[in-house]
1. Tell me which of these A234 doesn't satisfy, since it passes every other one: (1) within 38 Å of the chain's Cα centre (by Cα); (2) under 24 Å from S110 (Cβ atoms); (3) not polar (S, T, N, Q).
2. Out of (1) in contact with a Leu (Cβ under 9 Å, 6 or more places away or on another chain); (2) assigned to a strand (DSSP E or B); (3) surrounded by fewer than 17 Cβ atoms within 10 Å (Cβ to Cβ), the odd one out for E219 is which?
3. Sort out which residues of the range 223-236 are out of contact with any helix residue (DSSP H, G or I) (no Cβ under 7 Å at 6 or more places or on another chain) and either outside the structural domain of L260 (by TED's automatic domain parsing) or closer than 21 Å to D176 by Cα (or both), and write them in order of number.
4. Quick one: in the range 258-295, of everything that is of a type outside the set (A, V, I, L, M) and in a loop (DSSP other than H, G, I, E, B), which residue is nearest to G220 (Cα to Cα)?
5. Name the single residue that is surrounded by the most Cβ atoms within 10 Å (Cβ to Cβ) among those in the range 187-216 being assigned to a helix (DSSP H, G or I) and on the phi < 0 side of the Ramachandran plot.
6. Can you name the condition, by its number, that G184 falls short on among (1) under 24 Å from the mean Cα position of the chain (by Cα); (2) surrounded by fewer than 16 Cβ atoms within 10 Å (Cβ to Cβ); (3) not in a loop (DSSP other than H, G, I, E, B)?
7. Just to be sure I understand, how many residues within the range 206-223 are in contact (Cβ under 8 Å) with a residue 60 or more places away in the chain and more than 15 Å from F265 (Cα to Cα)?
8. Quick one: what pairs do we get from the range 168-197, first residue touching a residue at least 60 places away in the same chain (Cβ under 8 Å), second surrounded by 20 or more Cβ atoms within 10 Å (Cβ to Cβ) and among the acidic types (D, E), C-beta under 9 Å, 6+ apart or different chains?
Amino acid sequence: MEEHIHRLKKHRNILYVVVFFLLVLQTVSFLSLSSQLSRLEGSLELAKTNLNTSIQESRKYTIDLVESTNAQLGQELQDLSKEVSSSITKQQESFEKEISLLKSSKGDFSEIIEDAVKGVVSVGSGKSIGSGFIVDESGIIVTNAHVISSPENNKVALFNGKIISAKLLGLDSKKDIAVLDIEGDDYNYLELADSDEIQVGEKVIAIGNPYGLSFTVTEGIVSAVNRIGPNGLADYIQTDVSLNPGNSGGPLINKRGKVLGVNNFKVGSAESLGFALESNTVRETVNAIANKTII
């Protein structure tokens with residue numbers, strides 16, 4: 001009996017030890033699991049934060065992309081609109097020029113004269129009166145050197161009747177070309193043609209101030225080219241356009257409204273023998289006088 005009781009005590013003690021170890025093991029496991037759960041919660045919170053940051057960045061990138069795309073599309077639409085508008089304007093200008101050329105080919109210079117005369121001026125220098133024309137919107141004027149009697153007190157009368165003082169930039173006596181400058185920067189001006197393309201027999205007009213009759217227009221044809229002038233240069237266009245005192249320095253204009261030459265002189269009292277310095281020589285001379293490219 002005592003031996004049986006002794007065995008029971010022994011088994012009980014063993015059971016206590018086993019329970020104790022189980023409790024310790026459970027505690028350790030619980031602590032380990034708690035630690036893992038804490039780390040997992042931290043990882044989840046970090047992942048959540050990173051996800052929110054990514055979402056915000058993606059949203060901002062999307063908004064920026066949409067705004068950039070809209071701006072680019074808007075600019076492209078504006079550019080396209082400008083191109084279409086420019087194309088329409090060019091087509092309209094081309095159409096108007098074709099109409100003018102059609103009229104001029106039939107001998108009607110009315111469309112050309114209406115624009116060309118606005119670039120012609122009357123030049124007064126002392127007692128001398130002549131003609132000239134504007135070659136640049138800034139107010140550069142070409143005329144004959146013999147029209148300018150003094151370096152100072154030169155005045156020009158515009159087509160609208162306004163009279164302006166003009167500064168003499170320089171002159172070339174041999175080629176009989178003078179260059180003047182008037183204040184302002186928005187003048188109607190005439191373009192120079194390529195005189196190498198002149199055709200004998202083509203119709204031309206002269207605009208000038210014969211005998212003080214301002215902005216008079218006369219018509220004729222090119223009679224010959226490369227005529228030798230008093231200066232020995234073969235740079236003159238012969239025309240049958242009526243030229244009189246006061247026409248000197250005025251433009252000789254072709255059917256496209258461009259200047260073929262500067263009306264310079266006529267032979268004595270002969271009729272239909274006028275001469276104009278060809279435009280290519282005029283261009284070269286004017287740029288040389290101004291010491292820069294003007295035309």
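1. A234 satisfies every listed condition except (2).
2. Among (1) in contact with a Leu (Cβ under 9 Å, 6 or more places away or on another chain); (2) assigned to a strand (DSSP E or B); (3) surrounded by fewer than 17 Cβ atoms within 10 Å (Cβ to Cβ), E219 violates only (1).
3. Once the filter is applied, which keeps residues that are out of contact with any helix residue (DSSP H, G or I) (no Cβ under 7 Å at 6 or more places or on another chain) and either outside the structural domain of L260 (by TED's automatic domain parsing) or closer than 21 Å to D176 by Cα (or both), the range 223-236 yields A224, V225, N226, R227, I228, G229, P230, N231, G232, L233, A234, Y236.
4. Within the range 258-295, the match that is nearest to G220 (Cα to Cα) is S272.
5. Residue satisfying both the conditions and the ranking: S195.
6. So the condition that G184 fails would be (3).
7. 5
8. Filtered contacts from the range 168-197: K175/D235; S195/D235; S195/E278; D196/E278.
The values are calculated or read from the model by the stated rules, or taken from the named source; none is laboratory data. All figures in this text were calculated on a predicted structure; none of them were measured in a lab. Cβ atoms come from the backbone with ideal geometry, glycine included; neighbour counts cover every protein chain shown.
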